[in-house]
1. List every residue pair whose Cβ atoms sit under 7 Å apart, with the two residues 6 or more apart in sequence or on different chains, where the first one lies in the range 25-48 and is under 21 Å from GLU76 (Cβ atoms) and touching a residue at least 40 places away in the same chain (Cβ under 8 Å) and the second, anywhere, is in a helix (DSSP H, G or I) and of a type in the set (Phe, Trp, Tyr).
2. Looking only at residues in the range 78-100 that are in a strand (DSSP E or B) and either modelled with pLDDT under 95 or polar (S, T, N, Q) (or both), which one is farthest from the ligand (Cβ to nearest atom)?
3. Inspect the range 206-219 for any residue being in contact with a Lys or Arg (Cβ under 8 Å, 6 or more places away or on another chain), modelled with pLDDT of 95 or more and not acidic (Asp, Glu) and give the result as yes or no.
4. Only one of VAL139, VAL156, VAL163 is within 15 Å of the ligand (Cβ to nearest atom), of a type in the set (A, V, I, L, M) and not in a helix (DSSP H, G or I). Can you tell me which?
5. Give just the number: which of (1) farther than 20 Å from ALA21 by Cβ; (2) within 13 Å of the ligand (Cβ to nearest atom); (3) more than 16 Å from the chain's Cα centre (by Cα) does GLU202 not satisfy?
6. Conditions first: (1) within 24 Å of ALA153 (Cα to Cα); (2) within 16 Å of the ligand (Cβ to nearest atom). ALA23 passes all but one, so which condition is the exception?
7. Only one of (1) within 21 Å of MET22 (Cβ to Cβ); (2) touching a helix residue (DSSP H, G or I) at 6+ places or on another chain (Cβ under 7 Å); (3) within 16 Å of the ligand (Cβ to nearest atom) is not met by ALA194, so which one is it?
8. What helices (runs of 4 or more DSSP H), lying completely within the range 176-252, carry at least 3 residues that are surrounded by 15 or more Cβ atoms within 10 Å (Cβ to Cβ)?
Amino acid sequence: MNRFHDQVVLVTGGAQGLGAAMAARFAAEGAIVAIGDVNTDAATALADSLQQQYDRPCAGHRVDVTDSESVNAWIEQVVADHGRIDVLVNNAGIIRDNRIEDIDDADWRSVVDASMTGSFYCTRAVLPHMRSRQYGRIVSFSSMSWRGNFGQANYVAAKAGIVGLTRTIALETARDGITANAIAPGLIETPMLASMNAPAREKLISKVPQRKTGQPEDIAEAAAYLCSPAAGYVSGVVLDVDGGLGIGSSIR
Ligand SMILES: NC(=O)c1ccc[n+]([C@@H]2O[C@H](COP(=O)([O-])OP(=O)(O)OC[C@H]3O[C@@H](n4cnc5c(N)ncnc54)[C@H](O)[C@@H]3O)[C@@H](O)[C@H]2O)c1
């Protein structure tokens, strides 16, 4: 498929993990991909390899989504280079897990800022460009944890905030050809999951109705659908990509 031919797609946190899988998928489908990440070397290396592989003008930029000046400068640069923005993927996020009494101010703020505030800054910066062309697709990263999770108050607050932010973006842009949706991944095979000790990992997987983890490509597939021109009547949803984990408890 070539659903994103010549579209300009921004992926925050695209240097590794799910963001890298999505950047590769968009480039494979013809997009001009701009990766914004604090890890400049990895972002640039990935963009260079995508450019070579797919012959698209991809670029990696040093962007800290918690800093609105950094975000605004990135968006202006991309618009100056390519003249448009079609898709924004708000993927950057971090975890600093602890019980509530042990979350210090810095660990609260850094998690909320990277996921939720960063998604707000990037969305605010791209909207004028999307509105002027009456077209846009915005996907932001929540998590299955948004419903509540032990030891993750900062992350849960940020990921639940993204659900509310997404629904509000969807309402405010509904007449401008723009959609806003969220993806709530479950257990996806990333370095973080691989680093878990085997018993903890098996215990988690045993709670997934499908009894298996997801792959980064499962997330890229969902993001590509929500960001495609054909998904224009889908807005304000949270798409669980989790093998059924979000359904809740089961006796089997
Ligand atoms: N991996 C999972 O199983 C899973 C599950 C649920 C939700 N998620 C969410 O999906 C997203 C991607 O997860 P991942 O596992 O690929 O994470 P990851 O840690 O592998 O990658 C995150 C990327 O974001 C970048 N980043 C961090 N802070 C940044 C900032 N301030 N500005 C710009 N870039 C920044 C990092 O450098 C990194 O490249 C996150 O929002 C995460 O919360 C992941």
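1. These pairs meet every condition: GLY36/TRP74.
2. ASN98
3. There is no residue in the range 206-219 that is in contact with a Lys or Arg (Cβ under 8 Å, 6 or more places away or on another chain), modelled with pLDDT of 95 or more and not acidic (Asp, Glu).
4. VAL139
5. (2)
6. (1)
7. Every listed condition holds for ALA194 apart from (2).
8. Where helices (runs of 4 or more DSSP H) fall fully within the range 176-252 and carry at least 3 residues being surrounded by 15 or more Cβ atoms within 10 Å (Cβ to Cβ), they are 198-206, 216-227.
The values are calculated or read from the model by the stated rules, or taken from the named source; none is laboratory data. Here the structure is a predicted model, which means the values were calculated and not measured. Positions of Cβ are generated from backbone atoms using ideal geometry, with glycine treated the same way; all protein chains shown enter the neighbour counts.
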